[in-house]
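For reference, the structure is listed below as structure tokens.
The values are calculated or read from the model by the stated rules, or taken from the named source; none is laboratory data. This structure is a prediction, so every number in the text was calculated from the model and none was measured. So basically every Cβ, Gly included, is an ideal-geometry build from the backbone, and we count neighbours across all protein chains shown. Side chains are part of the model used for accessible areas, which takes the heavy atoms of the whole protein and leaves out ligands, DNA and RNA. Shrake-Rupley method; radii C 1.70, N 1.55, O 1.52, S 1.80 Å.
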Amino acid sequence: MKYFKKTMEYLFVLEKGKRFLTIFLLFLPVGFVAAFAAPNAAVFKWLSDFTVGDTDFWHAWCLNGNLNWHVTLGGLCVAVIFIMFFFSVVSTVVARSMRVGVFKLSGIFREFNENFFPVMAATFMYGAITLIIKAIMTALFVMFQTFEDATVAALFSSVAGVLAFLLLCFMVTIGVIYLPFMVYNGLRSFHAFTASAGKITGKLQVKMFFAVTIPVAVCVGIGVAVGAARNAIASIVVETVTYTLVFTYIVTLTFVSYYEILELKREDYPREYFYYKPKRRN
């Protein structure tokens, strides 16, 4: 878990948690919108009230009606705007902190402008990947609705959902340094993704997959579990926090991994680890 530890070090050790608090607060609006648009709590209700015989694709897309498509569609539109804005701000702050050793938020709109186009490219690419995976998963859900036994259908649907989640995590894994390649190297979207995938291979790919999947799975699992309360306010509050934690972790992981994998020197280390200021004697 080298990359997980390095990410935690960046967030909590360097500058004693100031970085985590800043990034977390910046991502809080995105987490709030994501909690409305894609509530994981709906998965619990879907499985606990699972029925068969409904082969409508759109209904299966909304987890047999457990997602309000008006809220989901509207939330996703707002989420895309928020993601492009706040991810641009955070990626600028994190990238600069590692490049010049200064973690500072100069101004939200000023920081937003610097990395907007790389973040926009990443948002649309991963948005498209997510929709494709979701469509394949939904098609499987529709097929399983033709089963006569609801328990068997629920089991197969659960497996399909887990596999879809793992596939999405794998795509994040191979593209983990995709955004930094665009930010630091100026590569275009396709070349940046292929460059990232070319670096994330073999044992490194396995390590990175676990570094991406385990923390995200824990946060998703908490969101699903809170569905047992069947309390909308509790679900929104908890999932706002879990989504915000996921965004905070993943963005930080991408830039930390870039420096580690390419074996580049980070400028945010010397001040914290290698500079010793002796205490004054009275």
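When Thr173, Thr138, Thr151 are checked against the criterion of being farther than 19 Å from Asp54 by Cβ, of a type in the set (S, T, N, Q) and either part of a helix (DSSP H, G or I) or in contact with a strand residue (DSSP E or B) (Cβ under 6 Å, 6 or more places away or on another chain) (or both), Thr173 stands alone in meeting it.
Evaluating Asp54 against the criteria (1) free of Cβ contacts under 8 Å to residues at least 40 places away in the same chain; (2) open to solvent by less than 60 Å² (accessible area, probe 1.4 Å) leaves one unmet condition, (1). Applying the condition of being open to solvent by 30 Å² or more (accessible area, probe 1.4 Å) and of a type in the set (Val, Ile, Thr) to segment 57-97 and asking which residue is modelled with the lowest pLDDT yields Val71. So, of the residues in segment 150-189 that are among the hydroxyl-bearing types (Ser, Thr, Tyr) and farther than 17 Å from Met208 by Cα, which turns out to be least open to solvent (accessible area, probe 1.4 Å)? This residue is Ser157.
In this structure, is Tyr243 buried (at least 21 other Cβ atoms within 10 Å of the Cβ) and in contact (Cβ under 8 Å) with a residue 60 or more places away in the chain? Considered against the rule, which asks whether it is buried (at least 21 other Cβ atoms within 10 Å of the Cβ) and in contact (Cβ under 8 Å) with a residue 60 or more places away in the chain, Tyr243 comes out as yes.
In the set (1) within 21 Å of Val220 (Cβ to Cβ); (2) in contact with a Lys or Arg (Cβ under 8 Å, 6 or more places away or on another chain); (3) hydroxyl-bearing (Ser, Thr, Tyr), the condition left unmet by Tyr184 is number (1).
Listed here are the residues, each with its yes/no results for (1) under 22 Å from Ser91 (Cα atoms); (2) in contact with a helix residue (DSSP H, G or I) (Cβ under 7 Å, 6 or more places away or on another chain).
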{"residue": "Leu187", "(1), (2)": "yes, yes"}
{"residue": "Val218", "(1), (2)": "no, no"}
{"residue": "Val226", "(1), (2)": "no, yes"}
{"residue": "Ala234", "(1), (2)": "no, yes"}
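Can you pull out the residues in segment 1-46 that are among the charged types (D, E, K, R), open to solvent by 50 Å² or more (accessible area, probe 1.4 Å) and within 21 Å of Ser257 (Cβ to Cβ)? Answer for segment 1-46, where residues must be among the charged types (D, E, K, R), open to solvent by 50 Å² or more (accessible area, probe 1.4 Å) and within 21 Å of Ser257 (Cβ to Cβ): Lys2, Lys5, Lys6. Reported count of residues in segment 127-149, each being closer than 27 Å to Val172 by Cα and open to solvent by less than 80 Å² (accessible area, probe 1.4 Å), is 13. Only one of the numbered conditions (1) surrounded by 16 or more Cβ atoms within 10 Å (Cβ to Cβ); (2) under 20 Å from the mean Cα position of the chain (by Cα) is not met by Phe124, and that is (1).
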